[in-house]
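Asks: The structure that follows is given in the form of structure tokens.
Bear in mind that the values in this text are calculations on the coordinates, not laboratory data. What you see is a predicted model; the values in this text were computed from it and never measured. Because the Cβ atoms are built from the backbone with ideal geometry, glycine has one as well, and the counts that use them run over all protein chains shown.
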Amino acid sequence: MKKVETYKIKGWKETETGLLVAENKEWVLVKHIPGDYVVDGYKLYKKKFIKKRSSKSEENKIKKVLQLKKIKSKKPSKFKFRSTANMLRFMEKNYGLFEFQDNVENELFYGKISKIKKGKLTIDMIGTDGKIEKKYDFKFSLNKIRSITFKTDYFESIRLLMKKQNK
């Protein structure tokens, strides 16, 4: 098992914790730990937005518990690191949707790609009821996306609601 780390993300007040799975020069992939010893899905952090990474006594305690729970730090099948746009495309192709956060810490965006042009992402927004809002026309800067999340309990719930809505 690799280490458990806590991340301080630029522009966010709260820290994020995860079990390190893999990393490349642009991204860090973790099994997300939203609190205490709970592991919930995967989270990618864009390295240019990580102000600080730490792995101290609290993280080592969490690691010991995860080892006792036999939690593995392996990548999901078919996963490869890509550019931000291609990572979102991969999530949509493999999971039907994506979730990301930008500079606004307390906002999560669920969606499908409507278009990508000149570094701007336009999405079809997916609401908490699973309905797809095709006329959502806000443009996100791909350069401001700090994290991409997938396979969490909430993500899977939105995915299932979306599938039911589209039958």
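Asks: Can you list, largest first and rounded to whole Å, the semi-axes you get for the range 84-165 by taking the square root of 5 times each eigenvalue of its Cα gyration tensor?
Replies: Result for the range 84-165: semi-axes of 19, 14, 12 Å.
Asks: Now for a different question. Multiply the residue separation of GLU92 and TYR154 by 0.36 nm, subtract the distance between their alpha-carbon atoms, and state the gained length in nm to one decimal.
Replies: Gain in length upon complete extension: 20.7 nm.
Asks: Follow-up question, since we're still on this one. What distance in nm separates the two pseudo spin-label positions at GLU133 and LYS2, each 7 Å out from Cα along the beta-carbon direction?
Replies: Label at GLU133, label at LYS2, 3.5 nm between them.
Asks: Rounded to the nearest 500, what is the 222 nm mean residue ellipticity of the chain from helices alone, with -39500 (n - 2.57) per DSSP H run of 4+ residues and division by all residues?
Replies: Here the helix-only value at 222 nm equals -7000 deg cm²/dmol.
Asks: In addition: Give the dimensionless ratio obtained when the Cα radius of gyration of the range 4-68 is divided by 2.2 N^0.38 Å.
Replies: 1.04
Asks: Related question: Which pairs in the list LYS46/LYS74; LYS31/LYS64; LYS56/LYS80; LYS13/LYS56; LYS47/LYS163 are over 22 Å apart, alpha-carbon to alpha-carbon?
Replies: Details: LYS46/LYS74 19 Å; LYS31/LYS64 15 Å; LYS56/LYS80 28 Å; LYS13/LYS56 20 Å; LYS47/LYS163 33 Å.
Long pairs (Cα-Cα over 22 Å): LYS56/LYS80; LYS47/LYS163.
Asks: Next up: Could you calculate the FRET efficiency of LYS72 with THR15 from 1/(1 + (r/R0)^6), where r is the beta carbon distance between them and R0 is 35 Å, rounded to 0.05?
Replies: 0.90
Asks: Tell me, what ³J(HN,Hα) does each residue in the range 122-134 have, in order and in whole Hz, if you take phi through Karplus 6.51 cos²θ - 1.76 cosθ + 1.60 with θ = phi - 60° and put x for Gly and Pro?
Replies: 10, 10, 8, 6, 10, x, 5, 9, x, 6, 8, 9, 6
Asks: Oh, and also: Residues with amide H under 5 Å of GLU23's amide H, sequence separation 5 or more or different chain, H placed in the peptide plane at 1.01 Å from N; which?
Replies: For GLU23, whose amide H was placed from the backbone, the distant partners under 5 Å are LEU29.
Asks: Report, by chain and number, residues whose modeled amide H sits under 5 Å from the one on ILE9, excluding near sequence neighbours (fewer than 5 apart, same chain).
Replies: Amide H neighbours of ILE9: GLU16, LYS51.
Asks: Any idea how far apart ASN166 and SER141 come out in nm if each label point goes 7 Å out from Cα toward Cβ?
Replies: Simple spin-label model gives 3.0 nm for this pair.
Asks: Let me ask something additional. Relative contact order of the range 9-59, please, whole-number percent, based on alpha carbon pairs below 8 angstrom and at least 6 residues apart. The partial results should precede the final answer.
Replies: On the way: 68 pairs, mean separation 15.7, N = 51.
Across the range 9-59, relative contact order equals 31 percent.
Asks: A further question follows. Starting from one equal scatterer on each C-alpha and no solvent at all, send me the Debye-based log10 I(q)/I(0) for the range 55-110 at q = 0.14, 0.22, 0.27 Å⁻¹, two decimals.
Replies: So the normalised log intensities are -0.65, -0.91, -0.96.
Asks: Between the range 7-73 and the range 132-161, how far is it from one alpha carbon centroid to the other, in angstrom?
Replies: After rounding, the separation between the Cα centres reads 20 Å.
Asks: From the P(r) of the chain, could you give the percentage of C-alpha pairs in the tail past 23 Å? Can you show the working numbers first?
Replies: On the way: 5389 of 13861 pairs.
In whole percent, the long-distance tail amounts to 39.
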